[in-house]
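Visitor: Structure in structure tokens, see below.
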Amino acid sequence: MVANTDYDIFIIGGGINGCGIARDAAGRGFRTGLAEMKDLASGTSSRATKLIHGGLRYLEHYEFRLVREALMEREVIWANAPHVVKPMRFILPYHRGGVRPAWLLRLGLFLYDHIGGRKLLPATRTLNMKTDKAAAPLKDLFTKAFEYSDAWVDDARFVALNAMDAKERGATIRTRTKVIAARRTADIWHLTLLDLRSGKTSEVTSKLVVNAAGPWVDRVLAGVEGLAEVHNVRLVQGSHIVVRKKFDGDRSYFFQNNDGRIIFAIPYENDFTLIGTTDQDYHGDPAKVEITDAESDYLCSAASEYFREPVKREDIVWAYSGVRPLYDDGADKAQEATRDYVLKDDAGENKAPLINIFGGKITTYRRLSEHMMQKIEHFLGKKGAPWTHKAPLPGGDFPVQDFGRMSAKFAAHYPFLAPSHAARLFRMYGTRAQWILGNAADYKDLGQHFGADLYEVEVRYMMVQEWALTAEDIVWRRSKRGLVMTANEIAALDQFMKTETGYHEEAA
């Protein structure tokens, strides 16, 4: 019989997988704790292409199980968070002699439409690029294109929503908290936590530990087991650039490169275009990953093969780079490594269980969490039944078809807001946007103005409800207002937050 512990489950890592598992576990009645050494979604989970997608290109690598699961999850996730997830149409231009023949594209898109139980998302259609507006920003190479459905997600907000829901269901979520030691005494875990805000350490106990540290998963495993080196994941760098808007409309582009790789060009934050991603092996510290000159040149060159107006280095207004912790399946090329996830447990008689997560992606996080709960229940016994399939995330408690009506209703309730400001707030917070503004009747009721359309009431909400501690947390992860704020405005926001919280990032 396991002695009393602080937690049933303790999770290391505050990315999408860690927060998704914390939410599912807390909702089933498990005493759940989570520690993230930085900010929520500060690693891989905020540095991808921001898509909820089946992975059309994964079909080429015969990842049929993964693609089917991801396709099935698109509409589930959309229904759970219709404010931060939205359907998007993707245009795949085709010309004779291209990288992939038309029959192969048609076959892939046929499978894409039919193996995932699509209900609300529109089916694939063929476009005449001599007449369709989608051809306007492209070179005169294409007479045909295929248009198919996937979805966009505000990834960092999506992670925060999972953490918020986990907390509201009883989980303890600790950010800026590093697990500096973990040891087993028979069937109990003893974890030493360092609070990077106060510098103080504390110890907690748990029956089971989940290692959801993403790119750091092997480092955590090595530290727990006292090993010099562990190698389960293949770190793959993926970088993106953001440029001034290259095309009008709300459709995205799927470009096939001559080297066999693909990139996306996606409408981003109204005035910009997001272009990515790259795929190359990474061997450095995941915390120090940055886009390279070669990657910037590659993305500019690849996009310029399609757009009439070339994409140049001087067009880049922002760039970001992340490290994907793919399960190392021995593939020769980074882009061929599996995107599927693997869960491995380390347990035995009188040995407290440790379950490690290798790989995974935001689209399949909920199913990964359910599979993780099956493993956890094998060790700890069953409590509640699976429940996340039809459970809205905070602010998402309305039907997907009602987004336009609900957004308009919110704007009408606060007529003093600029239309773009009201639209942004509802897209970010859904029905909880009204929590933030309360009885505000004028902009002066929103408190200090930090630049663009960012005001104190919103900043305080993110600080109190969403664990934001620095300006970077707010302007580059939770709101993306950094794209339209000046450096001085961001510095003033950072100083305001330091005064309010006493937290200084550099001290960490």
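Visitor: Is it true that Gly98 is open to solvent by 20 Å² or more (accessible area, probe 1.4 Å), farther than 15 Å from Phe158 by Cβ, of a type in the set (Gly, Ala, Ser) and assigned by the TED database to the domain that holds Lys167?
Guide: Against the criterion (open to solvent by 20 Å² or more (accessible area, probe 1.4 Å), farther than 15 Å from Phe158 by Cβ, of a type in the set (Gly, Ala, Ser) and assigned by the TED database to the domain that holds Lys167), Gly98 does not qualify.
Visitor: Quick test of your reading of the structure: Ile21 fulfils all but one of (1) outside any loop (DSSP other than H, G, I, E, B); (2) surrounded by fewer than 21 Cβ atoms within 10 Å (Cβ to Cβ); (3) touching a strand residue (DSSP E or B) at 6+ places or on another chain (Cβ under 8 Å). Name the failing condition by number.
Guide: So the condition that Ile21 fails would be (2).
Visitor: Continuing with the same structure: So which residues in the range 119-140 are assigned to a strand (DSSP E or B) and either open to solvent by 50 Å² or more (accessible area, probe 1.4 Å) or aromatic (Phe, Trp, Tyr) (or both), if there are any at all?
Guide: Arg125, Thr126, Asn128
Visitor: Can you tell me which residues in the range 182-226 are aliphatic (A, V, I, L, M), part of a strand (DSSP E or B) and within 28 Å of the chain's Cα centre (by Cα)?
Guide: Across the range 182-226, the qualifying residues are Ala182, Leu191, Leu193, Leu194, Leu208, Val209, Val210.
Visitor: Which residues, counting only those in the range 344-375, are in a strand (DSSP E or B) and buried (at least 19 other Cβ atoms within 10 Å of the Cβ)?
Guide: Scanning the range 344-375 gives Ala352, Pro353, Leu354, Ile355, Asn356, Ile357, Phe358.
Visitor: Can you name every residue in the range 1-14 that is open to solvent by less than 20 Å² (accessible area, probe 1.4 Å), of a type outside the set (D, E, K, R) and more than 18 Å from Ile180 (Cα to Cα)?
Guide: Once the filter is applied, which keeps residues that are open to solvent by less than 20 Å² (accessible area, probe 1.4 Å), of a type outside the set (D, E, K, R) and more than 18 Å from Ile180 (Cα to Cα), the range 1-14 yields only Thr5.
Visitor: Filter the range 380-437 for residues that are of a type in the set (Asp, Glu) and in a loop (DSSP other than H, G, I, E, B) and give the result.
Guide: Asp397
Visitor: Just to be sure before I move on: is Thr175 out of contact with any strand residue (DSSP E or B) (no Cβ under 6 Å at 6 or more places or on another chain), modelled with pLDDT of 95 or more and not acidic (Asp, Glu) in the structure I sent?
Guide: Criteria met by Thr175.
Visitor: Could I ask something else about it? Please work out which residue is modelled with the highest pLDDT, limiting yourself to the range 141-169 and to residues that are aromatic (Phe, Trp, Tyr) and open to solvent by 10 Å² or more (accessible area, probe 1.4 Å).
Guide: Trp152
Visitor: Give me the pairs, please: first residue somewhere in the range 413-427 and under 15 Å from Glu458 (Cα atoms) and surrounded by 14 or more Cβ atoms within 10 Å (Cβ to Cβ), second residue anywhere and of a type in the set (Ser, Thr, Tyr) and modelled with pLDDT of 95 or more, beta-carbon distance under 6 Å, and either six or more positions apart or on two chains.
Guide: Close Cβ pairs satisfying both conditions: Phe426/Ser407.
Visitor: Also, quick follow-up: Would it be correct to say that Thr388 is under 30 Å from Ala347 (Cα atoms) and outside the structural domain of Ile77 (by the TED database)?
Guide: When the stated conditions are applied, Thr388 passes them.
Visitor: If you don't mind, another one. Only one residue in Gly260, Gly249 is farther than 22 Å from Leu127 by Cβ and of a type in the set (Gly, Ala, Ser). Which one?
Guide: Gly260
Visitor: Can you name the residue in the range 254-290 that is under 30 Å from Met485 (Cβ atoms) and of a type in the set (A, V, I, L, M) and is also surrounded by the fewest Cβ atoms within 10 Å (Cβ to Cβ) among such residues?
Guide: The extreme case among them is Ala287.
Visitor: Quick check, is Lys444 open to solvent by 40 Å² or more (accessible area, probe 1.4 Å), basic (Lys, Arg) and not assigned by the TED database to the domain that holds Arg174?
Guide: Yes.
Visitor: Going through the range 204-234 one residue at a time, which ones are at pLDDT 90 or above and crowded, with 21+ Cβ neighbours inside 10 Å?
Guide: Those that are at pLDDT 90 or above and crowded, with 21+ Cβ neighbours inside 10 Å: Ser206, Lys207, Leu208, Val209, Val210, Asn211, Ala212, Ala213, Gly214, Pro215, Trp216, Val217.
Visitor: Now a separate question. Which numbered condition trips up Ala181, out of (1) closer than 30 Å to Ile266 by Cβ; (2) open to solvent by 40 Å² or more (accessible area, probe 1.4 Å); (3) aliphatic (A, V, I, L, M)?
Guide: (1)
Visitor: Of the conditions (1) more than 30 Å from Trp476 (Cβ to Cβ); (2) touching a Cys at 6+ places or on another chain (Cβ under 8 Å), Asn162 satisfies every one except a single condition; which number is it?
Guide: Asn162 satisfies every listed condition except (1).
Visitor: Can you find a residue in the range 66-74 that is open to solvent by 10 Å² or more (accessible area, probe 1.4 Å), among the charged types (D, E, K, R), modelled with pLDDT under 95 and assigned to a loop (DSSP other than H, G, I, E, B)?
Guide: Looking for residues that are open to solvent by 10 Å² or more (accessible area, probe 1.4 Å), among the charged types (D, E, K, R), modelled with pLDDT under 95 and assigned to a loop (DSSP other than H, G, I, E, B), one finds none in the range 66-74, hence no.
Visitor: Within the range 288-319, can you find the residues that are free of Cβ contacts under 8 Å to residues at least 40 places away in the same chain and in a helix (DSSP H, G or I)?
Guide: Lys288, Asp293, Ala294, Asp297, Tyr298, Ser301, Ser304, Arg313, Glu314 - these are the residues of the range 288-319 that are free of Cβ contacts under 8 Å to residues at least 40 places away in the same chain and in a helix (DSSP H, G or I).
The values are calculated or read from the model by the stated rules, or taken from the named source; none is laboratory data. Computed from a predicted model, the values in this text were never measured in an experiment. Cβ coordinates were reconstructed from backbone atoms using ideal geometry, including for glycine residues, and neighbour counts include every protein chain displayed. In case anyone asks, the SASA skips ligands and DNA or RNA and just uses the protein heavy atoms, side chains included. Shrake-Rupley method; radii C 1.70, N 1.55, O 1.52, S 1.80 Å.
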